[in-house]
Structure formats: C-alpha cells, structure tokens
Amino acid sequence: MEPARVAALRATKALFDDGVLDQQEYEAKKRELLHAPAQQSVTPPPAAPLVVRVPKPLRWRRSRRVATTEHGGKTLLLAFCKGRACLDNQASKFLAPHELRAVPCASKTIHTELQRVDYTFARGLVQTQPSAPWPHFPGLFRGKIVGGLFKHQLASLRAMRLLETHTRQFGKLRGGVLADAPGLGKTVTVLALILQTSGELPSSPEAFWDSTTIDESFAALIKSESELRRECLRGLRSVISYRDTWQRKSLPYNEADQLLHSSLPPFPFQSVSALEAHVRRGASRLRYATPAIRDDIKLDFAHAMALTRCRLDGKRRSALLGGEGKRALAERALKPTGGTLIVVPDALLEHWRAQIGRHVDLRRLAPSFGDGRSGDGCCFVYGWGCASRWHPDFQRGSRERHPRLPSASDLRRFLIVVVPFSVCRDAARQDQDFRRAAERRIYRHGNAQDAESSPLLQLRWLRLVVDEGHELVGGDGDLEQATSSFIAELFAERRWVVSGTPTTGDVDDPAIVRSHLYQLQKLLKWLRHPRYGLDADPRLDTREDAADDSERRKALFESEVMAPFCDQQSESARATLVALLRTVTVRHRKTDLKLPSPVYENYEVEVALRPGETPDDDSYQWRVDEALADFVCRTKANHRRPKIAVFSQRDGDLASVAEALYARLHGGIAEFDVQRLGHQASARELVRFQTDRREVRKCPRCWRENDVDRKSCHHALLEVLLLDDDELARRRGDALHANLPEAERINCGRRLLIEPERIVGLVATQTPTASPQVYADDWRAWTVGDELLITLDDGSFAPRKDAETWRDWGCRACVERAAREQFESADWFLGPLRPPHSIVEGAVRVRLLKWARCGQWHGPRWYRGPKLEAQKVLVEREDVPILCLTRQASHGLDLSFLTHVVLLEPIRDSALLEQVVSRAHRVGATQSVRVATLQAFVAGSKRPEKNYICDHCYKSFAIEAVADAHMLKCSRNPNATDVPAWRRFTMSAVFDELRPPAAT
C-alpha cells in the first residue's frame, strides 16, 4: 500500500479517536481511501528530468468545540458562528430540548438552523424519555394536514408556559385553567404544550435534613451492624428480586449478588451519600438488567435512604410530620416520568385518539419510530393501547377486546397517556380497601411494586390534564366525589383543567353566583393554590386533619372573596376576584376571533290528534317523531350535499327519530352514541359521516360485510332442521358426510345453517310478529322450536363453497365434535344447501334449533379456513348526510364541516346550547352553520313560544324584540351599551374581564 494512503488512513483514525468523526463518517472515509485507484509515478521523456508527483496532504476541518449552554448559551452561539457544525446530527448527544430553549436566538439564520434539528433523546435522564423537534410549533404539524397553530393557540401556549415556569419551588401551583371558548382548539393547544416540554422530568423534592447531623448519626449506626443491615435491606429488595430471577451461580446472578453483599455492612462507606453512590454505580454496571430494572433499583434505594436520613436527623425530625415533608417523602418513593396524564370524559376518548393521530407526527417523536415499524413508547390511549397499534403512521388500529392499564413501569415510557373518567371511577372504587389497609402508614401510596395501588398512583407525573374539568366540581354524588378525590390524589408537578365553561350552570344568572364561586374554590383546591388551595393532604395526613384544613381554606375564601362579591357587590371585591382568576386562567373568546356567525331559525311542527288519542299516547308520539324526521329529510333534499347534525337532550326521543329516518332514507344515517354503541363503533360512524365512505371486509364463509376492525364475522346464522324433505336430507348427507354411517349421515344432512334473510314464511312461532322480514331482523323474536319456511334458491345470496372446500377447512372435525357433544355446541359449518345439480322448488319447512354469530359457529377449535382479518379491505362510497348526536357527544367533537344543526326541542340551558352549537361554530369553519330549533305541538292548540337566541350568551327568549334588546345590553357583547350594574357581578362578566394573552 502506498505511503500516502497509509498516512491518510492513520490521520482518519486519529480524527475518529479524537471524536471529530463519528462511526459512520469514519467508515465512509475509510472505504473511500481503500477503494481509491492507486497513485502511480509518472515517468517523463528521457530528455526531461525525473519528476515524481506526490499528492497533496488531505485537509481536515478543525476539531469542533463541544457546545454547551454555560453563560446563557454564549458558547453554543460562538461555536455555531465559527464552525457552523455544532448543530448537525451529533448535537442531540450533548443537548436536550430544554437546554436549547435557553439559547438566545439573536439571528434569523440561527433560528432557522435550530428549527431543522430533530432530537432523538434527551441527555441527563435516568431513563430515556421521548422527545420532539424543537421548537415544536409550528413544526409540530410538519407534514400533516394542518400547517401549524392558530395565532390564539400560540398566545395560549405562551401563557401556559409562563404559568408553568413562573416558579420551580416544590409543591407550589404550576398550571391553571385553559378556558378558551368551546370550539377554539383546546385539544391541539394541550398537545402542543406536551410536545414543547418533551424530555423534561419533574423536579425532585429538595432535601430538608441536616447533612452534618446525619453523617454523625450514621457513623454511630455503623457500630450497630444488625440495625444498619435492616435499613439497607429495606432499599435492596429490588436487587434481591432481580437476582432471584436468574439461575444460581450464573453471571447475572453473581453480578447482582456481588452488588447486594457489597452494599451490606460491614462496608467502608462513612456516609449515606457514599453508600447511595455505590449502589447507583453498581446498578449501572448490571449488564443483563434492562434500563427500567436499573432505574427501579436506584429509586427504591434512594427512597429507603431518605427514610433513613429522616430517622437519623433528630433535629429536624418534626419536618417529617409536616405537609411538605410527607409529600416530599411520598414523591421520593414514586418513579418520575416526563409523561403527561390526560383524564377525559368517556365520550371524548375517541376524539383525543383521533386528534393525536391527525396532528402528531409520532415517527419524529421517539427513537423507536425511526424505522417506521416498531413505534413503541410514545402515546397510550386506554382501550387502544400503544400508538404503534393504531396510529396512521404505522398501521390500521383497532380497539382492544379487553382494555386494561399497563404496569407503572410500562406507563412510564409513554409521553402521552389518555384514560377516561370511568377508569378513575373503577380505580377509586377498588382503592377503598387499599386505603383502609394503608392508613397505618406514613403515606398511602406504597412503593412501585405494590400491586394493590393503581398504576396511575405509582408515578410522579410531569403534568396532569383533566379535560372538561368542570366535571371535577359539578358532581354531588358519592361516586363523582370519589372520582374527583382519586384524580386529586395523583402526584403531578403541573396541573391543568381544560374547560370552555369552568363552572356549571348559567353564568349570567346572579342568583347562583355563590354556587359558581364554590365550584371555583374547588378548582383552586385541586390546582393547589397557595392561599385558597390544599395544604393538608388526605394521602399523607389523617382524614380529620385534611378535613379541618379544607374547611379553614374554604372559610378564608368565603370571607375574602365570596362574601364581599355576592353580598356587598363592591368594586374592590370584583377586582380581587378578577385578579385571582388572571393568575390561573388562560382564556380566549370567540369575539376575539373572526368566525362566521351561526344563523338561528325556528320551525313549528304541527301534528293532529286522531279520535280517542291523547298527546301522551305512544302512537301520537311516534307520529310526532315521524314529523320531525320529515323535516330533516326536507332539509336534506333542499340543499346540495348537506351535513346535518340532529341533537336531542333525551336519548329516547333521538333514537325514535333516528328509526323514522332509517325507514325513510333506508340508510345514510350515522349515530354517535358511546353509551349504546361503544367508543369504536361511534368513532366509525363519525368517520362515515365525515368522509362519505365505509371500509369493510367480506366474510370468507357467508360473504357478508363486516367492519374492518372486527376479528370475526358478527352476522347471525340459524341452525335449522329439515322436517319434510327426507330425500333432500339423504342427498345432502351423501354429498357432505359420506364417511358416516347411513343413519348419522341422514341426521347430519337434516341440519343446515341459513342466513335469517332466507326466511320467507312463518308456520308456528311463539312470538307473534307482523311479517317474516320483521321476524328475521329481530333476534328477540327467535325461539327454539319455531317452525319456519325458508328458500334454498341462491337468488341474491352469495354462492356457498362446495363440499370439497369445506373438507379442506376441517368440516369433518366439526361434525365429529358436534356429534360427541350431542349437537349442543356452537360447532357447525355453512355447507352447501343442496347437492350439486339438484333443484329444490318452493319453500322448505324447518324447525329452529339454535343461532349464533358466524364467527362463533366457525370457531378455532376445528376451522382451518381463511380468517376475516386476512381479507382485503374494500372501500364503499355512500352518502351519509345525517349524524344523530346524543347529549354525551355535545362536548369536544370537531364538526366544523357541518352545514346544519337541528335541535329536536328548544334548549333552555345556555351552557349546553353553546357546547352544541360550538361543535360547528369553531376554528376551521368556512361557512355559517344554520341552527334550526323544532317545536312540535298539537294541531288546534296554543302555538308554542318562539325561541330567539342571543348570539353572545346563547340565552333563549320568546319575543324577538326582547332578544334584540338583550343583545344590545348583553355583558358578553363587546359593543354593548348601557349594561345594568348588577350584570357586572355575574360570572360571565367576570370571565369576560380575562382578556386574551398577547399573541407571539
């Protein structure tokens, strides 16, 4: 090899050893030098002197200075300006997102370069946390449908960050209430906040003990070896558990055993800090342990040493009995996580999943998303699991059949965890026994291995967000209060309540202002306000102490805020309340944005009574529902491609109108009803309504359509017995069961599975029905022993597989199993109805034996044919102009594409009406939505009062002139004149004083 090539290789190796080149650059340069053509000496003509051309030495760039954020980030800026190489793909090895935010971006060029950097992990964490591109907005939505955040969302995001960072003192208020008006995109704002702080961990509680006294007491404790051994073993339980998972004398066992014995007395350590540092180093050297196990060992021992320090510090032992000391000890026992826990109403669970799937680019968020296949460890939604199962960046998702919460160690690796209120209700109910058993402890949470406590209680979250947070304070039942108490017991450094209406009830009613203020005090208590919030903690103190302190805080709020505001109505009290809300609230109003205003319309539906009929009769109510359905159908027919949402406060009335709509339109109706249909079916209906298409899979056995997320065919099949046609039974037995004896062959030939649609007549049924079609559609009408008439013609039915195909799919094993169980099991197959080349004329009389879904008939015990989930997804276009919304769906959904909202009855609750209208009147809407209020009445009776709605406060009025006069004086109207003095002391006027934060 040429000397120059050797020298170049040595120089490259030196640069790699010095850290100038990374592994990839070094390998590329090495290949380039090795495969370069050999340098040959050139011999000139004899007349010229001999000249040897020596290649010029390669010029390498200077070694880069490691960029740091010391002195306010000046070193980083200096390195960037000189080398312009400090922000390449190696920057993530020494900088975290929260460190980069400390850099003063004085140059536009620097700011542009910083936006291009994608960070794969954060430095200095106990366990790798997910991270996101910096500065997270508007790059949060890079590559997605939406190009960024709206200006008001950027302003809210900046205000929320200020509320979270105004103090870093442990246990103080960090958070508040995001009270943007309904429809202004609070969900996306919260997601932007979460991603902006990705990679950060909650701050650790400061030590409140005297180190000098502890070291002196520890030196004395060393002499008592047995007592010190008990103290150490209390924190080494994780080491013992890890060691015992391995075989004795194996290398992992020996490593853990060596750490265990070196951490027990006698040892050379003269202080608690030295012993703790030894355990941390030893845990890091366990080569066969996962990062989570190493983390558990460090945290458990640190907590045990914290208790030891408290016992050794005789001077400050009383600090352990205080609220801050108990909270500090309890939080030291929990695993810190940079994740955010989001608690949402059950009806909004699918909404949050859809918003995360639409707006968050998970492939740029966590290290395992780099290949686009694994996608573990970023987002968890209860019922769907990890985002790698359902996020559109990876694969088609489906709801878990048996949803459950993962363990605390698994939850800790997620950046976003979304759970519904029902999970907290169940955990609160199951937590009662654990609470009673743990009352004898100093604190109630226990360590991370305590299986009795909820996984949500075993972590110290960075942030806790409660969507529709007014539900925390609006419920008065025992179950609602237990749920609120459970959510309040979750440890989180930062807390946020997300609600467009922070309090329940009419905020314009002066008669219930005191109720609103009570709810506000509960929110301040949950947020841990320093003056009116929570001091004593029911998790750490006795219930009596917590109750006494709660009453004291409540009385202080009543004397300083509530009484002066409600009773005296003084301007100073009003200014005090507004100032208090400004410290915890971020709020935008719709009047601050230019949104197309909704158009309100009133319609009367007149229905005449028949002779002998009263308005309370079911027949009359059904005709009223039909009349309401006729109005919706006319609205659909009179507009081009409408999108209509039909809403009712009473679910029964809405279901009846939906049934009438089905009868008139024969489809084209979507329903959003989480309580009746479930989360996944409601989400599927919403997608149908928005996209006008349906994705299905066809069952390989019965060839009927199923939704894409179903694992097995859900259509019903009936097992019937042929009664009259013995010849048909014999021929079917010969064709399908030739291996059986003749008697069994004929008996099996009489049994066949049919689709309910094959029923053409009723001979003798126990449940009287109007027609065979009604009987076939209603499972409740089926009774064992019913005699029916069926057709065996193919007609519009899909052709069935032949006998040979069913033998390949395992029908012989099915028949043998059914015979052993005397034909009582759900094992049979959808074989041919007729033998080949045979014709059966007319209907056949059969007796109904049993029925089940197609997937249950063809179970995994014998069926070896193709599965439903392996079939090709078919996209079917359909026109779905109508969506039926229940009261549960009145909050949170994004339906900005709606053209009409039809209210089946007037809504007198202004807060509920605002939520319903805000499903369409929201950011992203491009046209005004028409809100039609229907009022049905008996023909010939007094006409109902009109329903005129204020555009600002959503109040309803019976007279148009009164409504117009109110709008001119409405406290929410920014151009209102001559506002009465008493309106200044309503909660709506106070909330309107909260001006939006300055836009960035």
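Bear in mind that the values in this text are calculations on the coordinates, not laboratory data. What you see is a predicted model, and the numbers here were worked out from it, not measured in a lab. All Cβ positions, even for glycine, are placed from backbone atoms using ideal geometry, and neighbour counts span all protein chains on display.
Each peptide in 562-569, 761-768, 405-412, 879-886 gets a packing score, the mean of other Cβ atoms within 10 Å over its residues, and the list from highest to lowest is 879-886, 405-412, 562-569, 761-768. Under the convention that each Lys and Arg Cβ holds +1 and each Asp and Glu Cβ holds -1, the size of the dipole of the stretch 217-284 around its Cα centre is about 100 debye.
Peptides 626-632, 179-185, 718-724, ordered by how many other C-beta atoms sit within 10 Å of their residues on average, highest first, read 179-185, 626-632, 718-724. Normalised Debye scattering of the stretch 697-755 at q = 0.16, 0.24, 0.28 Å⁻¹ gives log10 I(q)/I(0) of -0.61, -0.86, -1.02, counting only Cα atoms as equal scatterers and leaving out solvent. Considering only Leu722, Pro700, Leu736, and ranking their Cα positions along the charge dipole of the stretch 693-736 that arises from unit charges at the beta-carbon of Lys, Arg, Asp and Glu, the one farthest toward the positive end is Pro700. Descending by average beta-carbon neighbour count within 10 Å, the peptides 912-918, 150-156, 247-253 line up as 912-918, 150-156, 247-253, the highest first.
Please give the per residue volume of the convex hull enclosing the alpha carbon atoms of the stretch 876-955, rounded to a whole number of Å³. Kindly include the intermediate steps, with their values, before the conclusion.
Details: hull volume 11.2 nm³, N = 80.
Spelled out: Cα convex hull of the stretch 876-955, divided by residues, is 140 Å³.
Taking 22 Å as the limit for the C-alpha separation, the pairs Lys223/Lys335; Lys172/Lys335; Lys698/Lys867 exceed it in the case of Lys223/Lys335. Scattering from the C-alpha atoms of the stretch 161-311 alone, worked out with Debye: what is log10 I(q)/I(0) at q = 0.10 1/Å? Here log10 of I(q) over I(0) equals -0.53. With only Cα atoms counted, the stretch 782-891 has Rg and Dmax values of 19.1, 60 Å. Electrostatic bookkeeping for Leu895 treats Lys and Arg as +1 and Asp and Glu as -1; over the other residues with beta carbon under 13 Å from its beta carbon, the sum is +1.
Is the shape of the stretch 606-681 best called rounded, prolate or oblate, per the rule: a/c under 1.5 gives rounded, else a/b larger than b/c gives prolate, else oblate, with a ≥ b ≥ c the square roots of the Cα gyration tensor eigenvalues? Please report the intermediate quantities before stating the final value.
Details: a/c = 2.57, a/b = 1.36, b/c = 1.89.
Cα axes put the stretch 606-681 in the oblate bin.
Shape analysis of the stretch 243-319 based on the Cα gyration tensor places the equivalent ellipsoid semi-axes at 27, 14, 10 Å, largest first. Put a dot 7 Å past the Cα of Gln766, heading toward its Cβ, do the same for Ala4, and the two dots end up 10.0 nm apart.
Could you give the Stokes-Einstein D for the stretch 187-270 in µm² per second, using the C-alpha Kirkwood radius, 4 °C, 1.567 mPa s?
On the way: Rh = 16.7 Å.
Here the translational diffusion coefficient equals 78 µm²/s.
When the Cα atoms of the stretch 572-619 are aligned to their principal axes, the ranges along those axes come out at 65, 30, 18 Å in descending order. Magnitude of the charge dipole for the stretch 602-649, about its Cα centre and with charges confined to Cβ atoms of Lys, Arg (+1) and Asp, Glu (-1), is about 640 debye. The charge dipole of the stretch 728-814, taken about its Cα centre with unit charges on the Cβ of Lys, Arg, Asp and Glu (plus for the first two, minus for the last two), comes to roughly 320 debye. Candidates Ala889, Ala963, Val916 compared by Cα position along the dipole of the stretch 842-1000: farthest toward the positive end lies Ala889, with charges placed on Cβ. In order along the stretch 651-661, phi translates into HN-Hα couplings of 5, x, 5, 5, 5, 5, 5, 4, 5, 5, 5 Hz, rounded to whole numbers, per the Karplus curve 6.51 cos²θ - 1.76 cosθ + 1.60 with θ = phi - 60° and x for Gly and Pro.
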